[in-house]
Each structure stands twice: as C-alpha cells, then as structure tokens.
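The values are calculated or read from the model by the stated rules, or taken from the named source; none is laboratory data. These figures come from a predicted structure and were not determined experimentally. Accessible surface is based on the protein model in full, side chains and every heavy atom, while ligands, DNA and RNA are left aside. Shrake-Rupley method; radii C 1.70, N 1.55, O 1.52, S 1.80 Å.
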Amino acid sequence: MAKKKKYYVIWEGNETGVFDSWKECQVHIKGYPNAKYKSFPSEEEAEQAYRGGSAADFIGKNKKPTTKKISAEAREKIVWESIAVDAACSGNPGAMEYRGVDTKTGMQLFHQGPFKRGTNNVGEFLALVHALALLQKENRPNLPIYSDSRIAIGWVKKKRANTKLEKRADNAILFQLMNRAETWLKNNPITNPILKWETKEWGEIPADFGRK
C-alpha cells in the first residue's frame, strides 16, 4: 500500500511556507535553530495552519489522542494516567528534538530542540530523564512514563547514555545535556515506573511527532 502524501508547514526555518515533501521540508529546516514545522494530511489543512495560526497552535497541543486507533482490548492494557515521551531525528545523526505528553489527552508537557547532529536514541534518553526530573519536581513519584525505545530505557536503568555519537562543536550542547542527565540519574532514586510502549499492538506512542 502506497504511503499517503503529507504536506509540511514551516513556521520558522531557513524558508517558511507549505511544502509538499518531507525531503524539501528537511532542506529548509536543516541547521536552523529551533525550527518550527509539522506535517498535515492535506494541502488545504496545511495552508489553513500556515495562514491562520502559529506553530504553538499546532505543535503538540492539537495532537489527537490515540484512543480511536487502539482496540478496546489493547486499551485496557495501557496505563492512561501517565506521561509518554518520544524523539524525532531528521537523519542519523541529524536535527533532533524530543518531547513529553499526557498519554491520555496528548497535551504537550515539555519540548526541547531541535538540536544539531543528534540521534533518536539520545533524544529518547534525554526525554525519559526530563520526564523523571519533572515528576520529581511535581512530587508525583508513582506516575508511569512510557517510551517506545528499549535502548533508551536500558540506558536510563544503567544510568549511562551509551551512544556512539561523535562529539563535535555543533553538538556539544547535547553532550552537556547527557552528562547532566547521567549525573541526575546517579544522584536521584528512580521511583516512577518506566514502561515500554508496545507500538505493534497499540499504534504510535502519543508523543510521536507524526513525521514518518
């Protein structure tokens, strides 16, 4: 089955507007700090989003809950009172960003990036630690956190980001964030359950950026 065509809005980038391919969108956001962009299923929706709103109106806040895509049997297995985290990376390495959302509503709770020359695994790791630190600050020690990355979950349990990413001047900030995350993990007990989101059974994790 052929993939459905998507249209991409760039609110902040090297060029802004509506673009009809992910490849073209990548060209216009590459190297642009904190680029703001999102995919839409039709050109009409993309045009309306670009001309009638801002990035803040569409990125994260209006993400549809995943409940309609999940069977009733599968839905019963999910702990909806939780946080879901995910990362997106344009290339490997490439521009990377991560976020956390309320699993039940899809409301965005935090978002960081894009960062230059990152990887998806690094983003997933940072997202998990960000969620743990946030819940500690909010005194919610028992709220579960979902991730669809076994690698990132393993890194958190080992308290170390075992990345092969090359450290360079343009991604030094990511290594600073990883070091900070590792220090946090070593100095703080993990009380929140970290759960694996079963994508094959449940569909995309609610924090998914929707750019596949």
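Things worth noting here:
- Computed per residue of the chain from DSSP H runs no shorter than four, each worth -39500 (n - 2.57), the mean residue ellipticity at 222 nm is -10000 deg cm²/dmol.
- Extended-chain gain in nm, criterion 0.36 nm per residue less alpha-carbon gap, residue 16 and residue 4: 2.0 nm
- Carbon/sulfur fraction of accessible area - the chain, other protein chains in place, 1.4 Å, %: 49 percent
- Across the range 92-101, rounded Karplus estimates of 3J(HN,Hα) from the backbone phi angles (6.51 cos²θ - 1.76 cosθ + 1.60, θ = phi - 60°) give 8, x, x, 5, 10, 9, 9, 7, x, 9 Hz, Gly and Pro being marked x.
- Three-way shape call for the range 101-157 based on the alpha-carbon gyration tensor, with the a/c threshold at 1.5: prolate
- Length gained on full extension, residue 138 to residue 168: 7.3 nm, using 0.36 nm per residue less the C-alpha separation.
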